[in-house]
Amino acid sequence: MPKNLNPVRGAHTHTPSRRTVLKGLGAAAAATAVGPSLKARAGDAVNLNIMLTNIPWTDAISSTIAEAYNAHTGGRVTITGEQMPYEAHYEKIILELSSGSSTFDIVTSDTIWIRQLVNNNWVTGLEPMKAKDPSLPDLNWKDFLDGPYLFSTFNGQRWAIHATQSTPVFVYRKDLLEQAGIEPPPLWNWDQYLDAAKKLTKNGVSGTAMLLGGQDACMGDWMFRVMGYDPNPPGNDFLLNDDNEPIFNENDRGVRAIERMKEILPYCPQGVFNFDYPDGPPLMQEGQAALVVHWLDMWPGLDDPSISKFAGKFGYTVSPTDNVSQHMVAGWGMFINAFSEHQREAYEFLAWMLEGPAYQMFREAGETTLIYKPDLASPEVKAQIPLLSVYDDINRLGTTYTAFPPYKVTNAAEVQRLVYEEVIAAVAGDKTPQAAMRDAEDRVVKAMRG
Amino acid sequence: MLAPTFIVLTAVGIYPLGYSLWISFNDYHPSNPSFPQGFIWFENYLTAFLDGQARHALGLTAIFTVSSVGASLVIGFALALLFNQRLPGLAIARTLILIPMLVTPIAVGITWRIMFNPDLGVINYLLGLIGIPSQGWLASMNQSLLSVIVVDVWQWTPFMFLILFAGVRSLPRSPFESAAIDGASRAKIFFLVTLPMMRPVILLAVLLRAVDSVRTFDQIFMMTRGGPNQTTDLVSLYLQRVNFKFFDIGYGAALSWLFLILLMAAVIAFIRYSGFLRSAAEKEAR
Amino acid sequence: MGVRIEGLWKLFGGHTAVRDVSVEIEDGEFFVLLGPSGCGKTTTLRMIAGLENLSAGRVFFDDEDVTFFEPRRRDIAMVFQDYGLYPHLSVVDNIMFPLKVAGVPKDERRRRAGEVAERLEISSLLKRKPPQISGGEKQRVALARALVRNPKVFLMDEPLSNLDAKLRVSMRTEIKRLVSDAGITTIYVTHDQIEAMALATRIAVMNQGEMVQVGNPLEIYDRPATRFVASFIGSPPMNMFDGRLNSAEELEVVPRFLGEAVSRARVRQFYEQAPSIGGVVVGVRPEHLRLGASVGASNAVVELVEPLGQSTNVYLRADATPFVAVTNRTTLQVGDRVDVQVDESNIHVMDKETGRNFAVSPDDGLGA
């Protein structure tokens, strides 16, 4: 779940290393001089082009990691990347891969699109590659959190290496809670949350906020609430069961989640229906809202005094819940394009990344949604990124991981859209929550048939 | 000698149109494993006729276009008349008011989204200074359509002004003096002389603006993405969603064709019933 | 209704378009403002109409001060040089327009427009629109629109100048007939002195923003107050020659026969008016020169003959100075020597500096 934290830069802003330039010139010269031998020459200098999005870890790939890997291979492999804004990323994936394009050797994908890549045979599985070619290096999974692999492990194999893991974080203003005499979390129920939001709405500060204007962001707000009602059996994504039948309103949990959203509306800022991911961080940095629950990758700037007026005053913990404490996870993965002409090199690059240093470069580039265990265990890193304390609470409270986004179906983005439209209609008061959930079920069933 | 022209025209114009027509008769979901799904006759078109969301979008587009064009016509005309007076400083102001027209719609969308922000935006701040309570604007189900219309009017009134100003400038002077002497008040001169004499120019400006307005996408996508709760979900935004969210390209193509036909019918009706060609010919003869 | 203007001034930026113009126009008069282009006549008319703000002065209709009235409150009608028709309205709607804005009921509007159209013989055009009719027809429509409402004052700004010569003459007659039938005070602007002479009960000649002379057409013609009026009125224009009043007894001018034609008593009369002035301009109208067959003192030679049918222009030279005479049909040929005679009463002697005509008394016909 990405949060558009970085300004989007075009493909042309990537600064090529001097070596790349020289090599490019050399290749061009070679091409002019001896056309037919180009292929043979290209064989010993491979460029891996990666489809990236605009969050910190992808910055690292096209800069520090690219340099490190180039050095590691002795110049044999170069890395280039093209950054897409989140909204355009999905379109880019579909347009590129549905046409069998080999422009990108490695494609990054958010959780929700993974099945689309795999079921369309647009990506090559990592483990089958290794099975086919034992000379390939082993993949080191053990140093990484397992959470994100909930989504990319199926049909008996892992399809991706994951770069990040995001999870909902309950962000609260410690100072405001103290002033109001409210005992801080962890593990509130939503009644406590509502009560606190009510009390904290004063002096131009809203008690809480949601991001109802964006499809993915709004679905987060709804799902954070849905996940607290029933324990989730493994292999279930909460939205659809194994037969792809809608289950999101089992035991009325969808309706209850909508009602939970509606009850805090009066304590949200006026712009709540238009907020999308980019609107989240400023709300807290500027002190517009006191409490908010949203994805971890949205908040890295909160404790940076240069952009946040209330740095140091934020607390982070697990999401409130009504029944069971579960934490859904999501995150970006990296896949090998099935149409790539450099699949072996792509595999080798991903295997190299799993050795660890690349993930430290993610962190150095400002990424907070870390999954590299040595980093997560390091007191220095924890001190540097207070947000990560949410994992302490998760461990301490026995909160379990669960998968949520409609990750199991090929047309997940479409299904998410349908559910979003119904949820927002209910939150806006156009429909009763019950009617909205019924309509959502109907539409999802239809979409699954089509 | 015609061959190169024909080839170029076919390549850039007819082929893409023909291809999109062909796709509109297919189930075309490149995002699904079953792709390509194949020819389905008129199913996309039948779906379109039953599609409540498409009707909703069409209705919003009609309201949006009529309001935006109407408001920019009134304001643009008023400005054209004002600037037709010889008042000091107007020459500079005349250049300044053209600026909105020159701004990229994406930038317009981002800028206004920030200005319309109910909590941090400058508009509510200024209204607050004169005691008006802050409004939801883009975030309000009741005001979002109005807000995007305001932005469209802001951006395109200069265009309206430019055409109407040129028209006002080219009017002969004596009919107005005749009317003044014949006993007509200012209001009567406006309604009985100015307006009818400007008719061909007004019709042209309205036609150009309306065709442009029904296709508005960028600013609204930047400001609301069609929300909240689809209150600004114009046809262009719905089409974008069908094509690039649902990747239902065949249906998107069918919708686009239906919309194109509807738009053409509207334009033809406008030209016929407004007497556009007749009044243009009269202006020519004048 | 009478129209009186007092001390009218109009400044455009630094340029003075109208300079202290005053005149009183009688009820029912056909008053023509005549002058070359740029003389301020149209501006004067537009100030009377209220279309132009005045820089100074007053305008009275009868005794009512209308200086600051909007045009629509002055109850006037105006015909413009380009007719000022409403291009989007049919001819009949054009004619009815003043009645419509005055709130006259529809039936009555139609009746009156029909009558006026009949009078102007444009009944067959009523359904057409201005772009579809000829210039002469437009002129009639403009007149009809002006006449239909029985205005108190009728203003016409060069109404005939866009028509061809023949049509101009016939429309001129028609305008005179229509206006005198209606008996409406009319102020008419033209640069065409023949038009002015033909139409006017009184003419005001304007030059460089000033009203130079006001009088009935023959007065203006016979007794031009200044050199400008003398040269502006008449076709072919008055012959002008530089001369000197050397003493109370001698008017020196070339050709000499002119000076000789003026009696000593009359020279003295001129001299007394301006004893200090030496330089004068001597003028005589071509039609006042009589050509005799015998070779007389004038000793003029025919250089060119222009037979115009009704009259003949004879271009002559005497004492090395060219001039023109107008006669009836003549058998004169180029090279013929002729005698030229003129009555002293037809010789104008004008101040070379100020242009004042000594041949007319100072208070003669000048408005001031």
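The values are calculated or read from the model by the stated rules, or taken from the named source; none is laboratory data. Quick caveat: nothing in here was measured; it's all calculated off a predicted structure. Neighbour counts run over all protein chains shown; Cβ positions are idealised from the backbone, glycine included. Calculation scope for accessible area: heavy atoms of the full protein, side chains included, ligands and nucleic acids excluded. Shrake-Rupley method; radii C 1.70, N 1.55, O 1.52, S 1.80 Å.
May I ask you to verify whether residue A:446 is free of Cβ contacts under 8 Å to residues at least 24 places away in the same chain, over 23 Å from the mean Cα position of the chain (by Cα) and surrounded by 19 or more Cβ atoms within 10 Å (Cβ to Cβ)? Let's see the steps before the verdict.
Values: free of Cβ contacts under 8 Å to residues at least 24 places away in the same chain: yes; over 23 Å from the mean Cα position of the chain (by Cα): yes; surrounded by 19 or more Cβ atoms within 10 Å (Cβ to Cβ): no.
So residue A:446 fails the test.
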Exercise for the section: For residue C:206, work out the one condition from (1) in the same structural domain as residue C:79 (by TED's automatic domain parsing); (2) within 27 Å of residue C:299 (Cα to Cα) it doesn't fulfil. Expected result: (2)
Problem - Out of C:79, C:91, sole residue that is in contact (Cβ under 8 Å) with a residue 40 or more places away in the chain, within 30 Å of residue C:135 (Cβ to Cβ), more than 10 Å from chain B (Cβ to nearest Cβ) and surrounded by 22 or more Cβ atoms within 10 Å (Cβ to Cβ) - result: C:91
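Can we say residue C:241 is surrounded by fewer than 23 Cβ atoms within 10 Å (Cβ to Cβ), modelled with pLDDT of 90 or more, within 30 Å of residue C:260 (Cα to Cα) and over 14 Å from the mean Cα position of the chain (by Cα)? First the steps, then the outcome.
On the way: surrounded by fewer than 23 Cβ atoms within 10 Å (Cβ to Cβ): yes; modelled with pLDDT of 90 or more: yes; within 30 Å of residue C:260 (Cα to Cα): yes; over 14 Å from the mean Cα position of the chain (by Cα): yes.
Criteria met by residue C:241.
Just a yes or no: is a residue in region A:247-267 hydroxyl-bearing (Ser, Thr, Tyr) and within 25 Å of the chain's Cα centre (by Cα)?
Within region A:247-267, the subset hydroxyl-bearing (Ser, Thr, Tyr) is A:267.
Going one step further and asking which of them are within 25 Å of the chain's Cα centre (by Cα), we end up with none.
No: zero hits.
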Problem - helices (runs of 4 or more DSSP H) wholly inside region B:116-181 that include at least 3 residues being within 14 Å of chain A (Cβ to nearest Cβ) and surrounded by 18 or more Cβ atoms within 10 Å (Cβ to Cβ) - result: B:144-169
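Given region A:85-162, what helices (runs of 4 or more DSSP H) lie entirely inside it while holding 1 or more residues that are away from chain B (no Cβ under 14 Å)? Working first, answer last.
Working: elements: A:86-98, A:114-119, A:126-132, A:149-152.
So the answer is A:126-132, A:149-152.
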Practice task
Please state which one of C:75, C:82, C:93 is of a type in the set (D, E, K, R) and closer than 19 Å to residue C:168 by Cα.
Solution key: C:82
Exercise for the section: Output the qualifying pairs, or none if there are none: Cβ atoms under 6 angstrom, residues six or more apart or on different chains, first residue in region B:235-260 and closer than 20 Å to residue A:96 by Cα, second residue small (Gly, Ala, Ser) and open to solvent by 20 Å² or more (accessible area, probe 1.4 Å). Expected result: B:253/B:20
Exercise for the section: Please verify whether region C:135-149 includes one or more residues that are surrounded by fewer than 19 Cβ atoms within 10 Å (Cβ to Cβ) and within 12 Å of chain B (Cβ to nearest Cβ). Expected result: no
Practice task
Test residue C:206 against the stated conditions and say whether it is within 19 Å of residue C:325 (Cα to Cα) and not acidic (Asp, Glu).
Solution key: no
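If we scan region A:105-112, do we find a residue that is open to solvent by 30 Å² or more (accessible area, probe 1.4 Å) and either modelled with pLDDT under 90 or not assigned by TED's automatic domain parsing to the domain that holds residue A:220 (or both)? It would help to see each step written out before you state the result.
Of the residues in region A:105-112, the ones open to solvent by 30 Å² or more (accessible area, probe 1.4 Å) are none.
Scanning region A:105-112 turns up no residue that is open to solvent by 30 Å² or more (accessible area, probe 1.4 Å) and either modelled with pLDDT under 90 or not assigned by TED's automatic domain parsing to the domain that holds residue A:220 (or both).
Name the one entry in C:235, C:180, C:231 that is more than 14 Å from chain B (Cβ to nearest Cβ), of a type in the set (S, T, N, Q) and more than 14 Å from the chain's Cα centre (by Cα).
Details: C:235 fails: more than 14 Å from the chain's Cα centre (by Cα); C:231 fails: more than 14 Å from the chain's Cα centre (by Cα).
Only one candidate qualifies: C:180.
Sort out which residues of region A:297-338 are within 25 Å of residue A:116 (Cα to Cα) and modelled with pLDDT of 90 or more, and write them in order of number.
In the first step, residues of region A:297-338 are kept if they are within 25 Å of residue A:116 (Cα to Cα); the result is A:297, A:327-338.
Once the filter is applied, which keeps residues that are within 25 Å of residue A:116 (Cα to Cα) and modelled with pLDDT of 90 or more, region A:297-338 yields A:332, A:333, A:334, A:335, A:336, A:337, A:338.
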Practice task
Give me the pairs, please: first residue somewhere in region A:214-239 and farther than 21 Å from residue A:424 by Cα, second residue anywhere and open to solvent by less than 20 Å² (accessible area, probe 1.4 Å) and in a helix (DSSP H, G or I), beta-carbon distance under 8 Å, and either six or more positions apart or on two chains.
Solution key: A:230/A:253
Completion exercise
Flagged pairs (Cβ under 7 angstrom, 6 or more apart or on separate chains; first in region C:110-123, at pLDDT 90 or above and aliphatic (A, V, I, L, M); second outside any loop (DSSP other than H, G, I, E, B) and surrounded by fewer than 19 Cβ atoms within 10 Å (Cβ to Cβ)) are C:117/C:123
Fill in the blank from the handout: Log entry, pairs with first residue in region A:412-433 being among the basic types (Lys, Arg), second being in a helix (DSSP H, G or I), beta carbons closer than 6 Å, six or more apart or on different chains, reads A:417/A:215; A:431/A:425
Exercise for the section: Among the numbered conditions (1) more than 18 Å from the chain's Cα centre (by Cα); (2) more than 14 Å from chain B (Cβ to nearest Cβ); (3) on the phi < 0 side of the Ramachandran plot, tell me where residue C:24 comes up short. Expected result: (1)
Exercise for the section: Answer yes if at least one residue in region B:247-269 is of a type in the set (Ser, Thr, Tyr), more than 11 Å from chain A (Cβ to nearest Cβ) and either open to solvent by less than 40 Å² (accessible area, probe 1.4 Å) or over 18 Å from the mean Cα position of the chain (by Cα) (or both), and no otherwise. Expected result: no
Problem - Scan of region A:195-216 for residues that are under 17 Å from residue A:270 (Cα atoms) and part of a helix (DSSP H, G or I), ordered by number - result: A:197, A:198, A:200
Exercise for the section: Restricting attention to helices (runs of 4 or more DSSP H) lying wholly within region B:1-88, give those where 2 or more residues are under 30 Å from residue A:96 (Cα atoms) and in contact (Cβ under 8 Å) with a residue 12 or more places away in the chain. Expected result: B:15-24, B:43-50, B:52-84
Completion exercise
If we ask which residues in region A:266-315 are farther than 21 Å from residue B:121 by Cβ, acidic (Asp, Glu) and open to solvent by 30 Å² or more (accessible area, probe 1.4 Å), their number turns out to be 2
Exercise for the section: Inspect all residues belonging to region A:224-241 and state whether any of them is outside any strand (DSSP E or B), within 14 Å of chain B (Cβ to nearest Cβ) and either over 23 Å from residue B:224 (Cα atoms) or open to solvent by 10 Å² or more (accessible area, probe 1.4 Å) (or both). Expected result: no
Completion exercise
Of B:232, B:216, the only residue that is part of a loop (DSSP other than H, G, I, E, B) and away from chain A (no Cβ under 13 Å) is B:216
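Can you pull out the residues in region B:92-115 that are open to solvent by 60 Å² or more (accessible area, probe 1.4 Å) and either over 24 Å from residue A:285 (Cα atoms) or in contact (Cβ under 8 Å) with a residue 24 or more places away in the chain (or both)? It would help to see each step written out before you state the result.
The first filter runs over region B:92-115 and keeps only residues open to solvent by 60 Å² or more (accessible area, probe 1.4 Å), leaving B:92, B:94-96, B:99, B:102, B:104, B:106, B:110-111, B:114.
If the condition is that a residue be open to solvent by 60 Å² or more (accessible area, probe 1.4 Å) and either over 24 Å from residue A:285 (Cα atoms) or in contact (Cβ under 8 Å) with a residue 24 or more places away in the chain (or both), then B:92, B:94, B:95, B:96, B:99, B:102, B:104, B:106, B:110 are the ones that fit.
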Practice task
Name the single residue, out of those in region C:44-59 being under 23 Å from the mean Cα position of the chain (by Cα), in contact (Cβ under 8 Å) with a residue 40 or more places away in the chain and open to solvent by 10 Å² or more (accessible area, probe 1.4 Å), that is nearest to the other protein chains (Cβ to nearest Cβ).
Solution key: C:46
